[in-house]
Each structure stands twice: as structure tokens, then as C-alpha cells.
Amino acid sequence: MNSDRVDDEFQKIPDHLLIEIFIRVPNSNWAKISCVNKHWANIFQGETLWQAAIIKTWPRGTGSIPRGGSCRRIYTALYASKHVITKDHEIAENPEVVGNAYLLLKEQIEISTDPFPLEIIHGTIIDDFIACGKSRDKAHEMTSQIWLAVIDNMVENEHTFELLKRLVQEGDVFLPYPYSRSYKVQWRVFEKLLTDFRDCFNKVDYFEVLGRAKYKFLHRPPSWLGY
């Protein structure tokens, strides 16, 4: 059977069956599948496939959190909550709101040229968790987990390097609890800068960041040292 014959056979498959096939393929392959032809690309751009993927992956629903946005974004939020962010009982109970918070923070970080708006996003996420009935302590903890997941999944490029440097400098600004970033988040920012991006520093900037680390943390790992 030649390739043209195979293509013709696939063209005869109804969309609802194609969708049932696609959602059973690992989603890491979806980008490749959507590039096979224009019709398949249109299926992935539509809402039906993403709605079917949500029902298949989360057959019992996503809790009482109100849904909003496209089915594709809802699926992405739920996926991030389940696979990207640290496992936590509270997160499991609020997958969509946690996933959307992750996407919001990640998107703002990717386009941010000024860290100040990130503090607004940070405070908004905490307020949303409190509005969902979480305590101030739990809202602070859940927001910290989201920050850690975002930092761990940052693309290593010049924009990320400059943003992390600004976050280090911004860390000296006092914010009242629970709106201050946690010790774990601040540590992870320094850790990523002084390990993953060490070769990007000039000598002056390196010792400035290292000096801030010495001021903020009593103990610093040897991997942070050595320009």
C-alpha cells in the first residue's frame, strides 16, 4: 500500500474517531501529529479535541472551581497542576485554579521586562487562594510551590538571566506576610543564577549577586562559589 493510499484511508476516518485516537496518544506527540496535514491541525485548533481530552483525563471533573477560558487552556492548566507542580493534597483539590495560576505566572515571567508587575501577580494568586477558602499560611505555601515549578521550568536564555538578576535585587524590598516570597523561592532564584547561569556573569555582577546571597543566607553551597 503506497503512501497516497494510506493518506486516502485516513481521510475517510470521521473526526470524532480521529479525536478518540489522538487523545490516546501521549500528548508529547501531539505537536507532531498536528503537523501531519491541515485537517489534523484544524482538529487540534478546535475545542472538541481538548474537551474530549479533559473528559478522558479527568473523568470525575475538576472539583467546584468555576471554569473559564478555552478548553485547550483548561486542559493545559489541569496538566500543569498534575504533572508540573509538586504533589500536594490542597493542589489536588484545586487543580484548575492552581494550574491557571501557574500558567499566568509563567506567561508574565516570559514577557516581563520589569519585576514589579510580578509582585502584583504574586499577590493576586495569594488573594485568589484565600478567596477559595485557604488560610494565609496555606495560600503562601501553595503560591511558593507554583513559583518553584515556574523557576524550574524556565528556558535558559538571556531574558531569564536578566529577569532572575532583577528578582534578586527586588528581593531586598520588604513585603508583609503572606505577600513576601518564601525562603525556598528566594533560595531557588539564587541557586539557578549561581549554577545554571554562572558563565553569563561578568565579574562585577557575579560578586554583587554573591554578596546578596551571603547577606540573605547563613549557609551557601560550594557550588555557588567560584567565578
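The values are calculated or read from the model by the stated rules, or taken from the named source; none is laboratory data. Computed from a predicted model, the values in this text were never measured in an experiment. A quick note on method: Cβ atoms are made from the backbone with ideal geometry, for glycine too, and the neighbour counts reach across all protein chains shown. Each accessible area value is taken on the protein alone, full model and side chains, heavy atoms only, with ligands, DNA and RNA left out. Shrake-Rupley method; radii C 1.70, N 1.55, O 1.52, S 1.80 Å.
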- Task: Report the calculated FRET efficiency for LYS203 and TYR177 (r = Cβ-Cβ distance, R0 = 41 Å), to the nearest 0.05.
- Result: 0.70
- Message: Using +1 at the C-beta of Lys and Arg and -1 at the C-beta of Asp and Glu, which of ALA77, ASN157, PRO95 has the Cα lying farthest in the positive direction of the dipole of the stretch 67-225?
- Response: PRO95
- Computed from the beta carbon distance with a Förster radius of 35 Å, FRET efficiency for SER223 and THR48 to the nearest 0.05 stands at 0.10
- Item | Highest to lowest packing among 208-220, 70-82, 156-168, scored as the average C-beta count within 10 Å | 70-82, 156-168, 208-220
- Would you mind getting me the FRET efficiency between LYS184 and LEU17? Use the beta-carbon distance for r and R0 = 35 Å, nearest 0.05. 0.15
- Toy charge model, Lys and Arg Cβ at +1, Asp and Glu Cβ at -1: the stretch 93-227 dipole around Cα centroid in debye, rounded to 20, equals 620 debye
- Using a 1.4 angstrom probe on heavy atoms only, work out the carbon and sulfur share of the accessible area of the stretch 67-225 in %. 55 percent
- Where only protein heavy atoms count, and the probe is 1.4 Å, what is the accessible area per residue for the stretch 67-225 in Å²? 51 Å²
- Run the numbers on the stretch 67-225 and let me know its relative contact order in percent, using alpha-carbon pairs under 8 Å that are six or more apart. 19 percent
- Quick one: accessible surface of PHE22, probe radius 1.4 Å, all protein chains present, in square angstrom to the nearest 10. 10 Å²
- Query: Setting aside same-chain residues fewer than 8 positions from LYS214, which lysines have a Cα under 20 Å from its Cα?
  - Reply: LYS165, LYS184, LYS192, LYS203
